[in-house]
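What follows is a set of notes on a single structure, which appears directly below.
We did not get these values from a lab; they are worked out from the coordinates using the rules stated. Keep in mind it's a predicted model, so treat the numbers as computed, not measured. No Cβ is skipped: glycine too gets one built from the backbone with ideal geometry, and neighbour counts run over all protein chains shown.
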Amino acid sequence: MVRGKQLMTWGLCGVLSLTAIACRGGKDTAVEVPPAGTDQPLAVEPTTPAPGTTPAPTPSPTASPTPTTSPAPAQPGVTGTVLNPPQASQLIAAQPEAKINLRSQPSTDSTAKGYGLVGDPVMLLRSTQGSDGTWYYVKFEKSGAEGWIRSDFINTAGRATPLAQRASQSSTCEGLMEGMAFTAFYDANGFNLVRFTNLETRSTFDGTLSRQGSSNQGQPLYRGAVSPPAGGSYPVEVTDLSGGSPRSGSQVAVNYASITGTGTCK
């Protein structure tokens, strides 16, 4: 979701200390902040008739020759290599509250048309090599706004990698925790993966799990690490509260960077 001026922070990242992302180019900074007065809304809502008014009737069409139209010209400045098919990605930055500029050209010297926020989903349409690194021509999925963003502010790995074969054939347990939903995947050999979804941005990220002994209560314990779109790597634990026989109706406990939640298995 792209916003004109209002800042929406990542619900989880407020409690995490994130690893800074190195920037390229001596004139740029790791997080681009729009110059004062230059950021603009990226989407404009269509106007609707005022309440109580009736739109003017549409005149009946009259017969006329079918006009011949030419394809719309490409937007000025849109160059680079076309990505076919377009690639699903997310915006990232070292600071979860960062505003990431959407540029009119693949250069930090070009006009900022607006900005996106960490976790916003975008589609990568084109790529080009600039003097300070690779740039992508992106389209914001919700507003439809388009422009250039430098690659170090984009998670080119995608919003979530496709499920591994084992996870895709596994049963699931689902639950909620602070600002997120989670899905834990299990089969006859135990839990193998957990997937988190940010409820605000809809961004997703996964963590592979392996058996790591038992909890203090003797319940099977699985551990791994996850890397959210904002960067960094954080521990995650899944405790099988069924005692080792997960099934429909049993429960799991999830601890992600000291944020906890409980889910029910299907």
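General remarks:
- Computed E for Leu83/Leu176 - FRET, C-beta separation, R0 35 angstrom, nearest 0.05: 0.50
- Protection proxy ranking for 84-92, 160-168, using the average of other Cβ atoms within 10 Å per residue and placing the highest first: 84-92, 160-168.
- Added length on full extension, which subtracts the Cα-Cα distance from 0.36 nm per residue, Thr134 to Asn189: 15.5 nm
- For trypsin sites (Lys or Arg not before Pro), no site in segment 184-229 is both called loop by DSSP and has at most 14 other Cβ atoms within 10 Å.
- In Å, descending, principal axis extents of the Cα set of segment 165-265: 34, 27, 23
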